[in-house]
Amino acid sequence: MQQAGSVRMEQAPARVADAAGPMGAGPLRAMAWEMVTLAFARQARETPDRTAVRRGDVLLTYAGLDAAANRLARQLMAQGVRRGDRVALLLPRDVDAVVAILGVLRAGAAYVPVDMAYPEARIHFIVRDCGCRVAITTSAGLSRLPAGVASLALDAQAQAIAETPGDALPAASGPDDAIYVIYTSGSTGQPKGAAVTHRSFANLLQWYIRTLGLNGGDATLLVSALGFDLTQKNIYAPLLTGGTLYLPDFDVFDPEAIVATVEKRSITFLNCTPSTFLPLVEGAAAGRMERLASLRWAVLGGEPIPIRRLLPWLDHPACQGQILNSYGPTECTDICAAWAMGAANWEDPAPLGRPVDNVFLAVLDEARQPVGPGVEGELWIGGMGVGLGYLGRPELNAERFMTLRLPGHEGRMYRTGDRVSWRADGALDFFGRLDHQTKIRGHRVELGEIEAALCAHADIRDACVAVRDGAAEPRLLAWLVMRAGAAMPPEAGLRRYLGEKLPEHMIPVAFAALPALPLSPNGKIDRQALPDIAAPAPEPPPPARGGETADSEDMENLVLGVWRDVLGQAPASPEQNFFDAGGTSVGLARVQAAIRARLGRDLAVVELFAHPTVASLARLLRQTQDAPAGRRKGAPAVGLRQAEALRRMALVRGGGR
């Protein structure tokens, strides 16, 4: 087996982790710079006319982005933003968002990205909890901000910003100041904000750029949300090497649109979760892997990589790429270990990898003593990547961040709660969690936060949420104990209730009522004793309507089979909404891929949102079976399709149809 990082490429990149020091110590490297703002300014001087960022037909050169960031920084400073402040960003994933991120840093503040898809209650909590000096948004986003928060609407203030000088500003912050704050799920019922420093982020970026061999010829496509921790490095990495950052000109997860962009723009680099990358390989590019031929790297993280399902891409003659398995918590600047693999050296399961530059990893027992290779323990992280901790959570900081003295390292360390062991070659294997935290589609999920949201329901006295294996991804299930005299609400109603408080990936796919939660002898909830939640028995298909034939029933049965495969259960009836049956936007992409595989039909994502039941989708397929989706008369343009899909998503989540 070849060593990790040595798979075939035109130019082999630097190795992912060089041998250095005692087990657990990443390579010690001096950093060339410690502030991303200064590094970008230098790159802008070197390549002023090169395209820095582009979304559709909207683009900025390096010089244009540099000047735009300086203009916005001056506007923020005029509103009182100073060193050490925090600025919330409630923005779509567009060119203005990149300007806003750099502008906030130039003003000396840290940015707090807030996902626009979050429920309003969650947006309000994050904006208030972070104590932001200003929230940057658009005119449309102003109504989603809590009352009393100072704001700057980029579109409304566009003229004033454009008239502001764009010349260089002196550095307004230092390497030990916070660069950003990312909010993750919290076990107490509310999300928590983790801050990292300029210096730790600079260390990550320099390792990232060197390891992946990024240069001015690379094109990066940003497919993750602005509020996701893995997104941050992918905004800056191309901008510090003279490359181009492409932003999707679509707003919902559309594998076909992603693959088309990779093909059209010769994208060389993607970073996302395996759940996001799989639909590209198994759906949009299935049987046409040459569409992904430009990719040099697929950096995957946040969840285990089902490597065997990616072999059709890795083994394809047109493939020049390899996979980087990246591991690390938000609290420690995104990546602390990594492992490269390709067609010639893949492993299943893939190891977490070896420590990255200037990071120290330790596997400790319950007495906080190191254990040897092959012995499981808890992973602790030290060194350059350790962040500043959680905003306003002193007790949690004391619990998770501690100063330890260990062989080869003494300093502040973060306890991850991950159960791992060392391999003889210095890489880490992962065995699960020591607590009730989990990952859903790469997002950290504290089950306690979901349970707290359920217990806030007027009819629910107690709740327990657990993860069970599903057909394609882990399934969140919820068991409820109702208050005296209360009946369990309909599942669709529970999903809508939770949808007002939690992101989509935190909403359980199925619910069950119990008279009491099972307890272990020590009085704790016994999650292993929770009964399986059986799927509701599907209603028999209605009698054929006038004018329908046996082909109609066959089509409905085909769609029903697709849904059963994707959801892990049959819908309650042919008229049940996909999302009410536990479906997700990623699941919808799998429906899209399955329809293509079984019928050779390419349906636009908007058509799936517009036909969210087995019956309506079967009718659509029957009506259009003689024409491909992209060539039917009146098929909307990509931009219009995506806007309509977002509108329909809002209707579905709000209970409309």
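Go ahead and run the numbers for FRET between Ala160 and Ala456, Cβ-Cβ distance against an R0 of 35 Å, rounding to 0.05. Provide the component values of the computation, followed by the final result.
On the way: r = 42 Å, r/R0 = 1.21.
Computed FRET efficiency for Ala160 and Ala456: 0.25.
Between Asp348 and Gln623, with labels modelled 7 Å along Cα→Cβ, what's the label distance in nm to one decimal, could you check?
4.1
Taking 7 Å along the Cα-to-C-beta vector as the label spot, tell me the Asp167-Arg368 distance in nanometres, rounded to one decimal.
Using points 7 Å along Cα→Cβ, the separation is 5.3 nm.
Counting Lys and Arg as +1 and Asp and Glu as -1, each charge on the Cβ, what is the dipole of the chain about the Cα centre in debye, to the nearest 20?
840
What does the charge dipole of segment 445-529 about its Cα centre add up to, to the nearest 20 debye, if the Cβ of each Lys and Arg holds +1 and the Cβ of each Asp and Glu holds -1?
In total the dipole reaches around 200 debye.
In the P(r) worked out for the chain, what percent of Cα pairs fall beyond 31 Å?
Counting every Cα pair in the chain, those more than 31 Å apart make up 54 percent.
Rounded to the nearest 500, what is the 222 nm mean residue ellipticity of the chain from helices alone, with -39500 (n - 2.57) per DSSP H run of 4+ residues and division by all residues?
-9000 deg cm²/dmol
With the radius of gyration and the Kirkwood radius both derived from the Cα set of segment 295-396, what is their ratio Rg to Rh? Working shown, then result.
On the way: Rg = 16.5 Å, Rh = 15.6 Å.
Reported Rg/Rh (Cα atoms, Kirkwood Rh): 1.06.
Which of Thr47, Ala486, Gly186 sits closest to the plus end of the dipole of the chain, meaning its Cα is farthest towards the positive end, when Lys and Arg get +1 and Asp and Glu get -1 on the C-beta?
It is Thr47.
Among His316, Val223, Val591, which residue has its Cα furthest toward the positive end of the charge dipole of the chain, with +1 on Lys/Arg Cβ and -1 on Asp/Glu Cβ?
Of His316, Val223, Val591, it is Val223.
Can you tell me which of 481-487, 321-327, 52-58 comes out highest on packing, and rank the rest after it, using the mean Cβ neighbours within 10 Å?
Result, highest mean Cβ count within 10 Å first: 321-327, 52-58, 481-487.
Arranged from highest to lowest average of other beta-carbon atoms within 10 Å per residue, in what order do the peptides 36-48, 446-458 appear? Write down the numbers at each step before the final one.
Numbers: 36-48: 17.5, 446-458: 19.1.
Final packing ranking: 446-458, 36-48.
Over 22 Å between C-alpha atoms is what I'm after, so list which of Lys192/Lys439; Lys192/Lys501; Lys233/Lys501 land there.
In this structure, Lys233/Lys501 lie more than 22 Å apart at Cα.
Express the Stokes-Einstein translational diffusion coefficient of segment 445-529 in µm² s⁻¹, to the nearest whole number, given a Kirkwood radius over alpha-carbon pairs, 4 °C and a viscosity of 1.567 mPa s.
98
Which of the peptides 342-348, 289-295 is most tightly packed, and how do the rest follow, judged by the mean count of other Cβ atoms within 10 Å per residue? Write out the running numbers ahead of the final one.
Details: 342-348: 16.3, 289-295: 18.6.
Averaged packing, sorted descending, gives the order 289-295, 342-348.
If one computes the Cα centroid of segment 462-517 and of segment 126-202, what distance in Å separates the two points?
Centre-to-centre distance over Cα atoms comes out at 33 Å.
What percent does the relative contact order of the chain come to when contacts are Cα pairs within less than 8 Å and at least six residues apart?
Once divided by the residue count of the chain, the mean separation gives 11 percent.
Can you give me the P(r) profile for segment 168-311? Cα pairs, bins 10 angstrom wide beginning at 0, each as a whole percent.
P(r) for segment 168-311, in whole percents per bin: 10, 36, 34, 16, 4, 0.
Quick one: length gained pulling Arg405 to Asp425 fully straight, 0.36 nm per residue minus the C-alpha distance?
Here the answer is 4.8 nm.
May I ask you to list the residues of segment 180-201 whose amide nitrogen lies under 13 Å from a point 7 Å from Cα along the Cα→beta-carbon direction of Glu395?
187-189
No lab work stands behind these numbers, since they all come straight from the coordinates. Being a predicted model, the structure only gives us computed values, none of them experimental. Neighbour counts run over all protein chains shown; Cβ positions are idealised from the backbone, glycine included.
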